[in-house]
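In what follows, a structure is listed as C-alpha cells, so that the remarks can point back to it.
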Amino acid sequence: MTAVMREPVALPTRQRPRPPLAGPARSAASVQPGAARTAGPVIPGAAGTGLRHLLDAPRVPARVIAAFPSAVYLETRAPVEPRVLAVATSDAVRLPNAVVIAAGSRDRPLEGIDEGAEAWAGDGHVEVGPLRVRVRRWWDPSPALGPLSLARLDRGVRDLEAAVTGSRFGLAGHPDPPLLAARCAAGDLAGAVEAAERIVGLGPGLTPSGDDVLAGLLVALRTLSSSVQHGGTAGWLADWLGAAVTADADTRTTTLAASLLHCAAAGQASAEVAAVLRAVAGHEQTAPAARRLLAAGHTSGADLAFGLLAGCRAVLALALAARKDDRATA
C-alpha cells in the first residue's frame, strides 16, 4: 500500500462494549480469517486514511447495515472508531470513512448486496457479497487550508451565509442548534456541551440532523483553528466538545452517525464539506461548493452547512476576541 505524507491524528476516545453482531455476521465470526472466500474479480479502491487501522490489519467480520445503489455501509468489529465504513461508487457522497471504487452507480457495482449480508474488511481488502475491493490508493479526509487571515475568514463567512440562505434545515425551529452556535461563539464550553448533548441522535435516518450539525461544527472548529492566528481557544473548544459528543455516541445514535462524529472530532470530513471549507478560505468558489453540499441527502447537506457556518462564526469570534486581548496587554 502507498503511504500518504500527512496522517490525521485521532482524539483519544472512551471505548464502550458493542452489542454482538446478529444474523449472518455472527455466523461469519466463527469462520477463520484465512478461510477461502468465493468472490468476484478484484477491483481497485481508494480509502480514507482514517481507515488504515482497519484495512491494514488482519481481516475482521462485518455486516451490511444499509445498502443503496451508490453505497453500502458495513459495521465491523474493529477495536477503534470508525467502526463503520462505506463502500461507495465514484458518484456518491465521499464520506471520510469511505472506500471509493472506480465505477459509477449507473454501472450497478453494488447490485445484489442486501442489508444483513456478511462481509469482511482487512488485509487491504473489503469483501461483501460478490464484490471484492483491493485498496490501491489512500486519500486524506482532513482538509488542509494553509494560513488564513481573519479578514479572509470574515469574507468567507459572509459568502457562505449568502449561499446557504433558504436551505431546508432538518431542525428548523428547534432551540438548541442556534443556542449551541451562540455558546461556541462566546467560548462557553459548559453551555456548548449541554446544547450539543441534547441534539446527539436527534432526528430520523442513518445520520440524524443533530449529528450532521455537530459533525459540521466540529470539522470547522478543528480545521480553521489551526489555520488562523489566535485560533487556540477554538481548538480547545473542539477538543472538549468532540470528546463530549463522542463519549457515548454509540449508545445514543446510529452506528454510522457515531462513526462520523468520531471522524469529525478528528477533523476528517466528506469531500463536499472539505470543498466548502476551502471556499471559505478563498481556494474555491463558494456558491458551487455550497450547492454540492446542500444536494447531499434529504436535509443532511443543509444540516452540515448549519454546523459549518456555526463553526466558522465561532472561530472568527473567538480569534477576534483573543487578538483584542493580546493588543490590550501588549
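Read the figures in this text as sums done on the coordinates, not as results from a lab. What you see is a predicted model; the values in this text were computed from it and never measured. Here Cβ is always computed from backbone atoms with ideal geometry, including for glycine, and neighbour counts include all displayed protein chains.
At 0.36 nm per residue, and after removing the present C-alpha to C-alpha distance, how many nm does the segment from ASP91 to HIS298 gain when stretched out fully?
Result for the pair: 72.8 nm of gain on full extension.
Would you work out the charge dipole size for the chain about its Cα centre, treating the Cβ of every Lys and Arg as +1 and the Cβ of every Asp and Glu as -1, and quote it to the nearest 20 debye?
460 debye
Enter the mean projected area of the convex hull around the alpha-carbon atoms of the chain, in nm², rounded to one decimal.
That works out to 16.6 nm².
Among the DSSP beta bridges whose two residues both lie in the chain, what percent are antiparallel, rounded to the nearest 5?
Once the DSSP bridges in the chain are tallied, antiparallel ones form about 70 percent.
The range 150-329: D in µm²/s via Stokes-Einstein (Kirkwood Rh, Cα pairs, 25 °C, 0.890 mPa s)?
Value of D from the Cα-based Kirkwood radius: 156 µm²/s.
Could you tell me the center-to-center distance, by alpha carbons, between the range 272-330 and the range 173-248 in angstrom?
Here the two parts' Cα centres lie 13 Å apart.
By how many degrees, between 0 and 90 and to the nearest 10, does the Cα long axis of helix 255-265 differ from the longest principal axis of the chain?
Tilt of helix 255-265: around 40 degrees.
Under a Cβ-Cβ cut-off of 14 Å, what is the net charge of the residues other than PRO208 that fall near it, where Lys and Arg count +1 and Asp and Glu count -1?
-4
On average, how much area does the Cα convex hull of the range 24-139 cover when viewed from any direction, in nm²?
6.2 nm²
Have a look at the DSSP beta bridges in the range 24-139 and tell me what percent are antiparallel, nearest 5.
70 percent
What value, in deg cm²/dmol to 500, does the helix sum -39500 (n - 2.57) over DSSP H runs of n ≥ 4 give at 222 nm once divided by the residues of the chain?
-13000 deg cm²/dmol
Considering Cα pairs under 8 angstrom that are at least six residues apart, work out the relative contact order of the range 130-226 and quote it in whole percent.
Worked out over the range 130-226, it gives 23 percent.
Using a Förster radius of 35 Å, what is the FRET efficiency between HIS53 and THR251 based on their Cβ-Cβ separation? Nearest 0.05, please.
So, using R0 = 35 Å, E works out to roughly 0.95.
Each residue of the range 69-82 in order: what ³J(HN,Hα) in whole Hz does its phi give by Karplus 6.51 cos²θ - 1.76 cosθ + 1.60, θ = phi - 60°, with x for Gly and Pro?
x, 9, 6, 10, 10, 10, 9, 10, 9, 4, x, 10, 7, x
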